[in-house]
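Engineer: Handing you a structure now.
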Amino acid sequence: MGKLISKIPDGPLAMKWTKYKASVKLVNPANKKKLEIIVIGTGLSGAGASSALGELGYSVKTFCYQDSPRRAHSVAAQGGINAAKNYQNDGDSTYRLFYDMIKGGDFRAREANVYRAAEVSNQVIDHYTALGVPFARDYGGTLDTRSFGGVQVSRTFYSSGQTGQQCLLGAYSSLNRQIKKGNVTMYPRREMLDLVLIDGKARGIIARNLLTGEIERHAAHAVVLATGGYGTIYYMSTLAVNSNASAAWKAHKKGAFFANPSFVQIHPTCVPQLNEFQSKLTLMSESLRNDGRVWVPKTKGDSRPANDIPEEDRDYFLERRYPAFGNLVPRDVASRATKERCDAGFGIGETGLAVNLDFRDSIKKQGKKAIESKYGNLFDMYKTITGIDSYEEPMRIYPAGHYTMGGLWVDYELMTTIPGLYAIGESNFSDHGANRLGASSLMQASGDGYFILPNTINNYLADEIRVPKISTDKPEFEETEKTVIERLNKFISIKGKQTASSFHKRLGKIMWDYCGMVRNEEGLKKALVLIKELRDEFWRDLNVPGKFTELNQELEKAGRVADYFELAELLVTDALNRNESCGAHFREEYQTPDGEALRNDEKFAFVAAWEYTGEDKPHILHKEELKFEEVEMKVRSYK
Amino acid sequence: MKLTLKIWRQKNADAKGNFETYKMDNVSPKMAFLEMLDALNKKLVEEDKDPVAFDHDCREGICGSCGMYINGHPHGPVSAITTCHLSMRYFKEGETIWVEPWRAKPFPVIKDLIVDRTAFDKIQIAGGFISVNTGAAPEANSILIQKKKSDDAFDSAICIGCGACVAACKNASAMLFVSAKISQFALLPQGHIEAKERVRAMVIKMDEVGFGNCSNTGACEAECPKQIKLTNIARLNREYYKAY
């Protein structure tokens with residue numbers, strides 16, 4: 001336990017951040033220019049941090065694997081971004097947003113971090129508005145909001161069903177401004193392949209230029225990972241197909257603890273799988289549950305078209321089970337309830353792995369136009385993919401892997417267990433506990449990037465001002481580069497028969513079957529065996545054509561899948577270790593008689609932070625006890 | 001479905017490319033176009049051949065990574081969608097499908113179907129932003145904006161930067177792309193203060209990186225997967241004249 005110092009400031013919860021900011025060390029503007037910071041990733045947290053650090057005057061080097069920073073996967077977030085503005089006079093406040101998040105996360109998040117995320121949420125909305133993000137507005141010209149799951153206020157700001165895109169393009173624009181000013185140097189089409197440590201501190205990275213295959217060394221005084229989550233470990237998920245955990249995993253293997261890896265959010269409303277070659281599952285925003293009602297037929301095997309099934313033969317199972325929150329229960333609850341109905345044989349469609357999301361009543365009440373203005377692009381997207389017009393008949397939806405609450409362990413300053421290495425946005429673990437509430441991802445990523453890290457990083461860099469520019473000729477760079485190249489050559493030299501993607505697909509199936517929405521000890525133990533077997537097969541029978549010194553997309557995939565095999569093992573180990581159900585982590589052995597998650601606060605009110613100890617050696621578990629000063633741990637009920 | 005693919009293969013920017021023919025036997029009409037290419041690549045890798053390189057990422061029509069000519073149309077024959085959203089149900093049994101990279105001088109081919117679109121980023125870096133530092137923003141509701149204006153700004157702001165407009169244009173003009181950003185900020189009060197500098201900087205950069213001018217044929221609008229309107233170009237021209 002000794003190694004985890006969370007650095008939570010003293011004092012009352014509501015004053016911690018203010019107090020921290022007032023007392024933290026600062027860096028003189030003249031010194032900032034001399035300090036270099038590497039940022040990996042250009043989603044809301046990475047682009048936000050790069051912009052804000054550039055504005056402060058630091059020398060920032062920013063990397064992304066895409067051809068342009070504008071394509072980072074934050075772009076795909078749909079429904080909205082939360083803030084405690086209380087524009088609706090519906091009783092919202094920083095405290096209530098904080099409490100909703102803590103409760104939504106099933107009391108497995110760190111209180112002080114969550115409060116701070118809620119606290120900076122209003123500034124995030126102000127900033128994006130000033131950057132020209134066109135959030136939806138009311139006729140009087142003020143900003144409009146809507147509701148999301150797990151809350152009873154309306155605090156979600158949105159831009160139709162493409163809020164992530166609009167926020168990301170806002171962040172991209174602020175990043176561009178700093179690039180123009182020369183404060184940020186942008187390195188697109190680069191993949192971080194390892195972290196370089198010098199005297200135990202993060203001092204740089206080894207990256208591969210994805211166009212030329214060239215291996216590059218980049219040095220800095222601090223490194224920030226803004227690399228997103230690991231949802232693609234399930235192969236098919238709502239993530240971009242190239243999203244990956246490799247940067248975070250490499251950092252983990254260099255000493256950054258990985259926290260709560262088993263906390264994975266399976267999103268309830270996605271377009272079900274249509275064919276066996278399918279590469280991803282498309283999300284249908286949670287906001288749809290404001291106006292859409294989820295149901296299945298009351299009778300098994302009722303094959304009538306949805307519109308022919310009369311009211312009395314429909315089971316609105318979320319409304320039935322959770323009358324207080326109805327269709328707007330949190331994601332983990334909605335996903336499990338959906339799975340329960342489908343497993344019981346009430347699912348619809350050819351596979352039986354789907355339920356209806358029906359807008360009939362809302363269209364009747366509000367008119368087609370009103371629904372179109374709120375969700376037009378989502379209805380269009382659904383039709384594009386499936387050919388079905390959901391103004392006329394219900395959408396068919398099923399859960400899919402979406403967001404990872406787990407991630408690199410960070411302290412209050414967002415620093416990992418490696419000095420000088422930070423993790424922000426989805427890549428860290430800190431704010432969402434065991435389940436994330438809708439629209440709080442954009443909020444947290446933006447808050448981390450724009451408002452939190454640019455304050456906390458000074459505290460570290462203030463002691464680095466005497467460190468001159470770090471040379472990439474140091475032996476640490478040399479050695480790390482050597483191991484990176486060895487690994488790349490290894491992939492290419494296997495010369496087996498199977499593609500990296502085919503292994504990824506099989507790994508994803510193991511994870512989905514045994515470590516998805518519902519887990520049990522037997523299945524998890526079986527998964528560990530299966531993962532190991534598949535991993536051995538991967539290293540025997542992979543084929544990567546071509547060389548590493550050229551554009552080689554198969555090689556990129558191979559590296560990511562290889563890391564996923566290792567992370568998968570840790571994910572399952574963590575799920576096996578946590579003998580309780582909480583949030584998205586549902587262990588069949590631990591449930592109430594009516595099928596709800598049964599937490600064990602006495603034994604498991606901790607963050608599981610795993611330390612890497614070497615190739616094929618067991619991880620060591622470190623526990624950060626969760627102390628709740630302000631809230632009382634309660635049974636989470638949405639009934 | 002059985003299909004014949006004629007795909008542009010080009011080893012690198014300097015190499016001379018050519019069409020290669022591939023036969024696909026087992027294509028499901030439920031597949032997406034890129035999934036069909038995944039299946040082709042799987043086959044090629046299993047035969048230890050070089051797979052077809054193409055850009056793609058979110059596969060839900062929003063990141064703007066993917067883009068190729070399919071049967072002579074940017075993003076394929078179906079309007080208002082990206083390549084990743086193109087379903088194989090739109091193709092006929094036995095059809096021959098021609099697949100090429102964007103053809104435009106400012107977008108040089110990198111390999112096969114991948115082109116270099118950094119020229120777009122350069123234009124955005126030149127002026128596609130509002131200069132406000134983190135922490136300096138006023139309270140969000142202190143800026144009141146007519147709903148109509150805000151909605152119109154949004155309609156321009158949804159450009160995904162895929163490059164289909166340039167690829168569709170006989171002049172390789174980036175006017176639709178540039179005008180979308182100019183319009184977004186021209187419609188919003190936040191963007192007014194720097195309006196002149198912005199439009200000048202973006203247009204100068206647009207010319208500098210080699211995009212052609214607009215001659216109002218409207219191909220860009222017709223092929224834009226996000227249906228960005230040609231009226232944006234009219235607004236860009238107005239803003240440009242106002243700036244001098």
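Engineer: Looking at segment B:84-103, can you tell me whether even one residue there is part of a helix (DSSP H, G or I), surrounded by fewer than 24 Cβ atoms within 10 Å (Cβ to Cβ), outside the structural domain of B:D207 (by TED's automatic domain parsing) and in contact (Cβ under 8 Å) with a residue 24 or more places away in the chain?
Structural biologist: yes
Engineer: Follow-up. Confirm whether A:E589 is of a type in the set (D, E, K, R) and either closer than 30 Å to A:T499 by Cα or modelled with pLDDT under 95 (or both).
Structural biologist: Taking the combined requirement at face value, the residue does not satisfy it.
Engineer: Can we say B:S179 is under 30 Å from B:H85 (Cα atoms), crowded, with 24+ Cβ neighbours inside 10 Å and away from chain A (no Cβ under 14 Å)?
Structural biologist: yes
Engineer: Going residue by residue through segment A:124-141, is there one that turns out to be in contact with an Asp or Glu (Cβ under 8 Å, 6 or more places away or on another chain), basic (K, R) and not assigned by TED's automatic domain parsing to the domain that holds A:R293?
Structural biologist: Yes, some residue in segment A:124-141 is in contact with an Asp or Glu (Cβ under 8 Å, 6 or more places away or on another chain), basic (K, R) and not assigned by TED's automatic domain parsing to the domain that holds A:R293.
Engineer: Anything in segment A:160-188 that is polar (S, T, N, Q), at the interface with chain B (Cβ under 7 Å from one of its Cβ atoms) and either over 24 Å from A:F135 (Cα atoms) or touching a residue at least 40 places away in the same chain (Cβ under 8 Å) (or both)? List them, or say none.
Structural biologist: A:S160, A:Q162, A:Q165, A:S173, A:S174, listed by residue number.
Engineer: Scan segment A:353-374 and give yes if some residue there is of a type in the set (S, T, Y) and within 24 Å of A:S159 (Cα to Cα), otherwise no.
Structural biologist: Within segment A:353-374, one or more residues are of a type in the set (S, T, Y) and within 24 Å of A:S159 (Cα to Cα).
Engineer: Identify, please: which residue in segment A:297-314 is under 24 Å from A:G367 (Cα atoms) and not basic (K, R) and is, among those, farthest from the other protein chains (Cβ to nearest Cβ)?
Structural biologist: My answer is A:E312.
Engineer: On to the next question. Residue under question is A:L283, and the condition is that it be modelled with pLDDT under 95, out of contact with any Phe, Trp or Tyr (no Cβ under 9 Å at 6 or more places or on another chain), surrounded by 23 or more Cβ atoms within 10 Å (Cβ to Cβ) and within 11 Å of chain B (Cβ to nearest Cβ); does it hold?
Structural biologist: Here the answer is yes, as A:L283 does meet what is asked.
Engineer: Looking at segment A:587-607, which of its residues are part of a strand (DSSP E or B) and of a type in the set (K, R)?
Structural biologist: Hit for segment A:587-607 is A:R587, nothing else.
Engineer: For segment A:15-38, how many residues are within 26 Å of the chain's Cα centre (by Cα) and assigned to a helix (DSSP H, G or I)?
Structural biologist: Total meeting the criteria: 2.
Engineer: How many of the residues in segment A:379-402 are part of a loop (DSSP other than H, G, I, E, B) and surrounded by 19 or more Cβ atoms within 10 Å (Cβ to Cβ)?
Structural biologist: 2
Engineer: Determine which member of the set B:A136, B:A80, B:A104 is touching a helix residue (DSSP H, G or I) at 6+ places or on another chain (Cβ under 9 Å), closer than 30 Å to A:V120 by Cα and more than 7 Å from chain A (Cβ to nearest Cβ).
Structural biologist: From the options B:A136, B:A80, B:A104, the qualifying one is B:A136.
Engineer: May I ask you to list the residues in segment B:17-50 that are outside any helix (DSSP H, G or I) and at the interface with another protein chain (Cβ under 7 Å from one of its Cβ atoms)?
Structural biologist: Of everything in segment B:17-50, those that are outside any helix (DSSP H, G or I) and at the interface with another protein chain (Cβ under 7 Å from one of its Cβ atoms) turn out to be B:S28, B:K30, B:M31, B:D48, B:K49, B:D50.
Engineer: Kindly indicate the residue of segment B:41-54 that is hydrophobic (A, V, I, L, M, F, W, C) and over 24 Å from the mean Cα position of the chain (by Cα) and also farthest from B:M24 (Cα to Cα) among those meeting that condition.
Structural biologist: So, considering only residues that are hydrophobic (A, V, I, L, M, F, W, C) and over 24 Å from the mean Cα position of the chain (by Cα), the one farthest from B:M24 (Cα to Cα) is B:V45.
Engineer: Out of segment A:290-317, which residues are at pLDDT below 95 and either assigned by TED's automatic domain parsing to the domain that holds A:R506 or assigned to a helix (DSSP H, G or I) (or both)?
Structural biologist: The answer is A:N290, and nothing else.
Engineer: Among the candidates A:T472, A:T483, which residue alone is in contact with a Gly (Cβ under 8 Å, 6 or more places away or on another chain), surrounded by fewer than 19 Cβ atoms within 10 Å (Cβ to Cβ), outside the structural domain of A:G46 (by TED's automatic domain parsing) and not hydrophobic (A, V, I, L, M, F, W, C)?
Structural biologist: So the residue among A:T472, A:T483 that is in contact with a Gly (Cβ under 8 Å, 6 or more places away or on another chain), surrounded by fewer than 19 Cβ atoms within 10 Å (Cβ to Cβ), outside the structural domain of A:G46 (by TED's automatic domain parsing) and not hydrophobic (A, V, I, L, M, F, W, C) is A:T472.
Residues are listed down the side, and each one gets a yes or a no for (1) acidic (D, E); (2) surrounded by 24 or more Cβ atoms within 10 Å (Cβ to Cβ); (3) touching a Cys at 6+ places or on another chain (Cβ under 6 Å); (4) in the same structural domain as B:I70 (by TED's automatic domain parsing):
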| site | (1), (2), (3), (4) |
| --- | --- |
| B:E139 | yes, no, no, no |
| B:C165 | no, yes, yes, no |
| B:K196 | no, no, no, no |
| B:T217 | no, no, no, no |
| B:C220 | no, yes, yes, no |
| B:E223 | yes, no, no, no |
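Engineer: Starting from segment A:509-534, take each residue that is buried (at least 16 other Cβ atoms within 10 Å of the Cβ) and list its partners that are part of a helix (DSSP H, G or I) and among the polar types (S, T, N, Q), counting only C-beta distances under 8 angstrom and pairs at least six apart or across chains.
Structural biologist: Going by the 8 Å Cβ cut-off, the qualifying pairs are A:M517/A:S335; A:L528/A:T573.
Engineer: Here are some residues: B:C66, B:C58. Which one is more than 8 Å from chain A (Cβ to nearest Cβ), part of a loop (DSSP other than H, G, I, E, B), within 25 Å of B:G161 (Cβ to Cβ) and of a type outside the set (A, V, I, L, M)?
Structural biologist: After ruling out the rest, the residue left standing is B:C66.
Engineer: I've got another one for you. Please tell me if B:G210 is more than 25 Å from A:Y128 (Cβ to Cβ), surrounded by fewer than 19 Cβ atoms within 10 Å (Cβ to Cβ) and not polar (S, T, N, Q).
Structural biologist: yes
Engineer: Could you identify the single residue in B:S28, B:S79, B:S65 that is within 25 Å of A:G546 (Cβ to Cβ) and in contact (Cβ under 8 Å) with a residue 60 or more places away in the chain?
Structural biologist: Going through B:S28, B:S79, B:S65 in turn, the sole match is B:S65.
Engineer: Of (1) within 14 Å of chain B (Cβ to nearest Cβ); (2) surrounded by fewer than 22 Cβ atoms within 10 Å (Cβ to Cβ), A:A219 satisfies all except one. Which?
Structural biologist: A:A219 satisfies all of (1) within 14 Å of chain B (Cβ to nearest Cβ); (2) surrounded by fewer than 22 Cβ atoms within 10 Å (Cβ to Cβ) except (1).
Engineer: If you don't mind, there's one more thing I want to ask. Would you check which residues across segment A:110-125 are away from every other protein chain (no Cβ under 14 Å) and of a type in the set (S, T, N, Q) and list them?
Structural biologist: Within segment A:110-125, A:N113 is the sole residue that qualifies.
Engineer: Let me ask something else about it. Just the residues that are facing another protein chain (nearest Cβ under 9 Å), in contact (Cβ under 8 Å) with a residue 12 or more places away in the chain and not β-branched (V, I, T), please, taken from segment A:240-280.
Structural biologist: Those that are facing another protein chain (nearest Cβ under 9 Å), in contact (Cβ under 8 Å) with a residue 12 or more places away in the chain and not β-branched (V, I, T): A:A240, A:N242, A:S243, A:L274, A:Q278, A:S279, A:K280.
Engineer: Search segment A:614-639 for residues that are of a type in the set (A, V, I, L, M) and part of a strand (DSSP E or B) and pair each with any residue that is surrounded by fewer than 15 Cβ atoms within 10 Å (Cβ to Cβ) and at pLDDT 95 or above when their beta-carbon atoms are under 8 Å apart and the residues are at least 6 apart or on different chains.
Structural biologist: Sorted first by the residue in segment A:614-639, then by its partner, the pairs are A:I620/A:T613; A:L621/A:N577.
Engineer: Now for a separate question. Looking only at helices (runs of 4 or more DSSP H) that fall completely inside segment A:435-510, which ones have 3 or more residues that are in contact with a strand residue (DSSP E or B) (Cβ under 8 Å, 6 or more places away or on another chain), within 30 Å of A:H127 (Cβ to Cβ) and not acidic (D, E)?
Structural biologist: A:440-446, A:453-461
Engineer: Out of the residues in segment A:146-155 that are under 14 Å from A:G91 (Cα atoms) and buried (at least 24 other Cβ atoms within 10 Å of the Cβ), state the one that is farthest from the other protein chains (Cβ to nearest Cβ).
Structural biologist: Going through the qualifying residues, I end up with A:V151.
The values are calculated or read from the model by the stated rules, or taken from the named source; none is laboratory data. What you see is a predicted model, and the numbers here were worked out from it, not measured in a lab. In this analysis, Cβ positions are derived from the backbone assuming ideal geometry, glycine residues included, and neighbour counts consider all displayed protein chains.
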